[in-house]
Amino acid sequence: MNQQIEQKQRRTDCPSLYQEFRKKIKTHIKNSGGIRTSTYLSSEKYFYNNKALYINNSDVESSHSVTIVGWDDNYSKTNFKPGNQPKNDGAWI
């Protein structure tokens, strides 16, 4: 199965599995350091005031390579661009 499809299903079909995936990322960062991944950068979704980006769409092509070095579970969802905010607080760093 295509990895992109698997990720989309993980988020939508089984939230607990997605939460477990997030825990594994955090454990890896604590034990071994950053994780390299990619994301799509869109000026429509990037909030320049807070330097915050929220993309919740696995159907888009990646356009930037990034390294996740940490997280902040208390980062307010209101720090993201109005009209494009996650349901809960938290962010990857």
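Points worth noting:
- Cβ separations smaller than 7 Å between residues 6+ apart or across chains give the following pairs from the range 65-78 residues that are without any contact (Cβ under 8 Å) to a residue 24 or more places away in the chain and over 10 Å from Trp92 (Cβ atoms) to residues that are among the polar types (S, T, N, Q) and open to solvent by less than 80 Å² (accessible area, probe 1.4 Å): Lys77/Gln85; Thr78/Gln85.
- Failed condition for Lys51, given (1) at pLDDT below 85; (2) open to solvent by less than 70 Å² (accessible area, probe 1.4 Å); (3) of a type outside the set (A, V, I, L, M): (2)
The values are calculated or read from the model by the stated rules, or taken from the named source; none is laboratory data. What you see is a predicted model; the values in this text were computed from it and never measured. All Cβ positions, even for glycine, are placed from backbone atoms using ideal geometry, and neighbour counts span all protein chains on display. Heavy atoms of the whole protein, side chains included, go into the accessibility calculation; ligands, DNA and RNA do not. Shrake-Rupley method; radii C 1.70, N 1.55, O 1.52, S 1.80 Å.
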